[in-house]
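The values are calculated or read from the model by the stated rules, or taken from the named source; none is laboratory data. Computed from a predicted structure; not experimentally measured. Cβ placement follows ideal geometry from the backbone for every residue including glycine, while neighbour counts extend to all protein chains displayed.
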Amino acid sequence: MAWSESESDNFAARHDDAQAGGTALILELLEDTRARLERLLPALPGEVTVVVHATPGELMLGQPAVALMRAATAPASRRYLVGWVARDRMDVLGPAALNARASGVEGSREMLRLAPAALYAQLAVAANGLAWPPPYRPVRALRAVRWAWLVLGGPAWLGGQTPHARAPIARRLREGNRPAFPPALGDAALLGGTILDLLTIERGRDAAVTLACAQPDDTGAREIIARAFDRDAADVERRWRAHLDRVTGREERDERLW
């Protein structure tokens, strides 16, 4: 397959000719996301290469880690795992393939449209803290698994996906075991951002941005969350689970039952 190239001010894209129009949309989204994050974060990556793939098979051939990550991800959020990041590179499905993956539920199409923004936000967070991948070297990769709720959930929130995640969150709460707090790897991308969403409500956007870029320390994730909320971790967990019920409407349905 012959590759073509497209550029914007801060991104250089590689794609096949059929992806030219969709690539232009991705570059526009990424430039808008970069401009927004520039107002929130101290540092941003330099020029980023964006590789746009026409099909999921092509993406997984270029980035085999995507298949492994999907296997580790809860079914409710697997359809939204549509890319991968390296130090200064993103691989992502093109808009046509993203659109084809959307389900009929509210917010699905918007979450997929914003997937490139969340991937770029992952690079932006990494640019502000050397403890997080990319690159996914062994030590960083193991750390990323332990802190996946922040590594993946923070960028999902910064990229704008979290407000559109009501339906897949509702599905996740119906399926499987009760989610861990903070969310484990399988729930990280879908539920991690809801902690930042709740923090924004309770303590403001700046507090949530600070947590999104927080670095791991010996006190552990629950203690970092407790400090961010200025509450006991058990109290934050109770409030987070109530927040999930509000987001999905479960709380309202329970009230009507009574």
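Annotations
- Looking across segment 164-174, the residues that are assigned to a helix (DSSP H, G or I) and either in contact (Cβ under 8 Å) with a residue 40 or more places away in the chain or surrounded by 20 or more Cβ atoms within 10 Å (Cβ to Cβ) (or both) come down to His164, Arg166, Ala167, Pro168, Ile169, Ala170, Arg171, Arg172, Leu173.
- Some residue of segment 185-205 being β-branched (Val, Ile, Thr), surrounded by fewer than 20 Cβ atoms within 10 Å (Cβ to Cβ) and in a helix (DSSP H, G or I): yes
- Within segment 9-54, being in contact with a strand residue (DSSP E or B) (Cβ under 9 Å, 6 or more places away or on another chain), without any contact (Cβ under 8 Å) to a residue 60 or more places away in the chain and outside any strand (DSSP E or B) holds for Asn10, Asp16, Asp17, Ala20, Ala24, Leu27, Glu31, Glu47, Ala54.
- Unmet criterion (only one of (1) surrounded by fewer than 21 Cβ atoms within 10 Å (Cβ to Cβ); (2) in contact (Cβ under 8 Å) with a residue 60 or more places away in the chain) for Ala180: (2)
- Total residues in segment 99-135, condition in a loop (DSSP other than H, G, I, E, B) and either surrounded by fewer than 15 Cβ atoms within 10 Å (Cβ to Cβ) or not aromatic (Phe, Trp, Tyr) (or both): 14
- Screening Leu98, Leu93, Leu81 for residues that are within 17 Å of Gly193 (Cβ to Cβ) and in contact with a helix residue (DSSP H, G or I) (Cβ under 9 Å, 6 or more places away or on another chain) leaves exactly one candidate, Leu81.
- Boolean, Ala144 is under 21 Å from Asp217 (Cβ atoms), touching a Pro at 6+ places or on another chain (Cβ under 9 Å) and outside any helix (DSSP H, G or I): no
- Members of segment 55-65 that are touching a residue at least 12 places away in the same chain (Cβ under 8 Å) and either over 12 Å from Asp16 (Cα atoms) or touching a Ser or Thr at 6+ places or on another chain (Cβ under 9 Å) (or both): Pro56, Leu59, Gly62, Gln63, Ala65
- Residue pairs whose Cβ atoms lie under 8 Å apart, separated by 6 or more positions or on different chains, with the first residue in segment 68-89 and touching a residue at least 12 places away in the same chain (Cβ under 8 Å) and part of a helix (DSSP H, G or I) and the second of a type in the set (Phe, Trp, Tyr) and surrounded by 17 or more Cβ atoms within 10 Å (Cβ to Cβ), are Met69/Trp84.
- One residue alone among Gly129, Gly160 is in contact (Cβ under 8 Å) with a residue 12 or more places away in the chain and either closer than 18 Å to Leu29 by Cα or touching a Phe, Trp or Tyr at 6+ places or on another chain (Cβ under 8 Å) (or both), and that residue is Gly160.
- The residue that is surrounded by the fewest Cβ atoms within 10 Å (Cβ to Cβ), among those in segment 35-66 that are over 28 Å from Arg101 (Cβ atoms) and small (Gly, Ala, Ser), is Gly46.
- The residue that is nearest to Ala100 (Cα to Cα), among those in segment 10-34 that are at pLDDT 95 or above and of a type in the set (Asp, Glu), is Glu28.
- Residue match in segment 138-161 (condition: more than 17 Å from Gly46 (Cα to Cα), surrounded by fewer than 16 Cβ atoms within 10 Å (Cβ to Cβ), in contact with a helix residue (DSSP H, G or I) (Cβ under 6 Å, 6 or more places away or on another chain) and not acidic (Asp, Glu)): yes
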